[in-house]
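Throughout, read-outs are computed from the coordinates displayed, never taken from laboratory work. Owing to the predicted nature of the structure, the values given are computational and were not obtained by experimental measurement.
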Amino acid sequence: MSLIVQKYGGTSVANIDRIKNVAQRVLKTQRAGNQVVVVVSAMSGETNRLLGLANHACEMPNERELDVIASTGEQVTTALLSMCIHQLGGEAISLQGHQVKILTDNAFSKARILSIDAEILKKYLSQGQVVVVAGFQGVDSEGHITTLGRGGSDTTGVALAAALKADSCEIYTDVDGVYTTDPNICERAQKIEKVSYEEMLEMASVGAKVLQIRSVEFGAKYNVPIHVRSSFNENPGTLVCQEDSTMESVVVTAIAYDKNEVKIAVRQVPDKPGVAMKVFSPIALANINVDMIVQNVSEKGATDLTFTVPKADFKKALQIVNAVAKDIGAEKVESYENIAKVSIIGVGMRSHAGVAAKTFEVLAKEGINIQMISTSEIKISLVIEDKYTELAVRTLHTAFGLDKK
Ligand code: ASP
Ligand code: MG
């Protein structure tokens, strides 16, 4: 008998008919002789609706209360799915994050999982029940409800698979798998059969929304192969797993983009030790993830410091940076909201030269200006003006031979 964790995203549980479809798939898996743990998201649009209510009630909602509201979306889905399974003659029980004991830290709205008590799940599984767990939510050591960040149900799914040492972890969504780029903006995008954790991490970190980044980190850390598939058909999907020798022969695996960041520039920062610390420490303390950072060559003892942060943290970050800029004697703070980050990703870059040069050549030909550049061993990221995103993605996709034949 195998133990299978299946996670169903918001579009797969968008209405009662779709939840019934999920109930059927789950029971089919169980009746084939498996134990099944199901993780569910909120019905699509529900988390946005809930957060919208909060933002109507209050300009800067309290973070603890926000999580109390946001976590309710998943709770509704767990009970509805259990009921649909009952209706089909199956046995199922719904459990919330605190009931499973998904223990997290206390960083509301982006909490990290610290431990999971798998015993209660095993108890119900051994009774022949399908266990339906609410994704996205946990509980901190003081009993406060926490949530794991947008898309966090993926992480619940992979973390449960790791804790249970499941035989397989399936993430069901509304697309057939992971694509070479977003098929919504490039119709020549292709499904990738197999992708390494490392590439997937880079893709998730630059806006490929199929998997939450932390779910991939969990998968890599505990070696849980993640099978991304559609809940609307039986197609095989994409396997996210450890790198193998065949992967390196492909130079570029995917082109991703992210329109969810903003750029902040601190002008004429005194160029002396400790200044970067003064800018970035309070940002880190506020739990804001800084992504790209560029510091110019200093001229006359001063330099410009430019970096990007998530749009959602923009107000908070700007407040902090404005205060620090005064404190350290910088000239001024500027911000730019109309930017996009385009990234070229592939483990093959380690062994193939010329990817950066080719990227710059392609963009130059299209007359697209590059505002910031950053690289890792397997990724090149560029900040450009957001109105050129689609053009940049499509031309790079073609240039690196990723187009569907
Ligand atoms: N419902 C949450 C969200 O919309 C978590 C998830 O679906 O994974 O972000
Ligand atoms: Mg998702």
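Per Stokes-Einstein, at 4 °C and 1.567 mPa s, what whole-number D in µm² s⁻¹ belongs to region 1-131, with the Kirkwood radius over Cα pairs as the hydrodynamic radius?
82 µm²/s
If you build the convex hull over the alpha carbons only and average its shadow over all orientations, what do you get for the chain? Give it in nm² to one decimal.
Seen from a random direction, the Cα hull of the chain projects 21.5 nm² on average.
At q = 0.13, 0.16, 0.21 Å⁻¹, what is the log10 ratio I(q)/I(0) for region 245-396, with the Debye formula run over Cα points and no solvent?
Once normalised to I(0) and log-transformed, intensities are -0.67, -0.92, -1.23.
As I understand it, the value is the acute angle between the Cα axis of helix 153-163 and the longest principal axis of the Cα atoms of the chain; what does it come to in degrees, rounded to 10?
Long axis of 153-163 versus the principal axis of the chain: about 60 degrees.
What is the angle, in °, between the Cα long axis of helix 355-365 and the longest principal axis of the Cα atoms in the chain? Nearest 10 is fine, range 0 to 90.
The helix 355-365 is inclined about 70 degrees to the chain.
Using only Cα atoms, locate the centre of region 359-405 and the centre of region 84-131, then give the distance between them in Å, rounded to an integer.
A separation of 42 Å, based on Cα centres.
With the convex hull built on the Cα atoms of region 39-79, state its orientation-averaged projected area in nm².
It is 2.8 nm².
Give me a comma-separated list of calculated 3J(HN,Hα) values for region 237-246, in order, Karplus coefficients 6.51, -1.76, 1.60 applied at θ = phi - 60°, integers in Hz, x for any Gly or Pro.
Once θ is set to phi - 60°, the couplings for region 237-246 become x, 10, 9, 9, 8, 5, 4, 10, 4, 5 Hz.
Excluding same-chain residues fewer than 8 positions from residue 341, which lysines have a Cα within less than 23 Å of its Cα?
110, 191, 209, 259, 263, 311, 315, 316, 358, 365, 379, 387
Can you tell me the orientation of helix 314-328 relative to the chain, as the angle in degrees between its alpha-carbon axis and the longest Cα principal axis, to the nearest 10?
40 degrees
Length gain on complete extension for the stretch residue 278 to residue 174, per 0.36 nm per residue less the alpha carbon to alpha carbon distance?
That works out to 33.1 nm of additional length.
Per residue, what volume in Å³ does the convex hull of the Cα atoms of region 165-253 enclose?
Value for region 165-253: 103 Å³ per residue.
Which whole-number percentage describes the relative contact order of the chain, with Cα contacts under 8 Å and a sequence gap of 6 or more?
14 percent
At 0.36 nm per residue, and after removing the present C-alpha to C-alpha distance, how many nm does the segment from residue 53 to residue 351 gain when stretched out fully?
Gain on extension, residue 53 to residue 351, equals 102.2 nm.
Which value at 222 nm does the chain reach when only helices count, each DSSP H run of 4 or more adding -39,500 (n - 2.57), with the total divided by all residues and rounded to the nearest 500 deg cm²/dmol?
After summing the helix terms and dividing by residue count, I get -10500 deg cm²/dmol.
Using 0.36 nm per residue of separation minus the Cα-Cα distance, give me the extension gain between residue 64 and residue 319 in nm, one decimal.
Full extension from residue 64 to residue 319 adds 89.7 nm.
Scaled to the compact-protein estimate 2.2 N^0.38 Å, what is the alpha-carbon radius of gyration of region 203-251, rounded to two decimal places?
Dividing the Cα radius of gyration by 2.2 N^0.38 Å gives 1.26.
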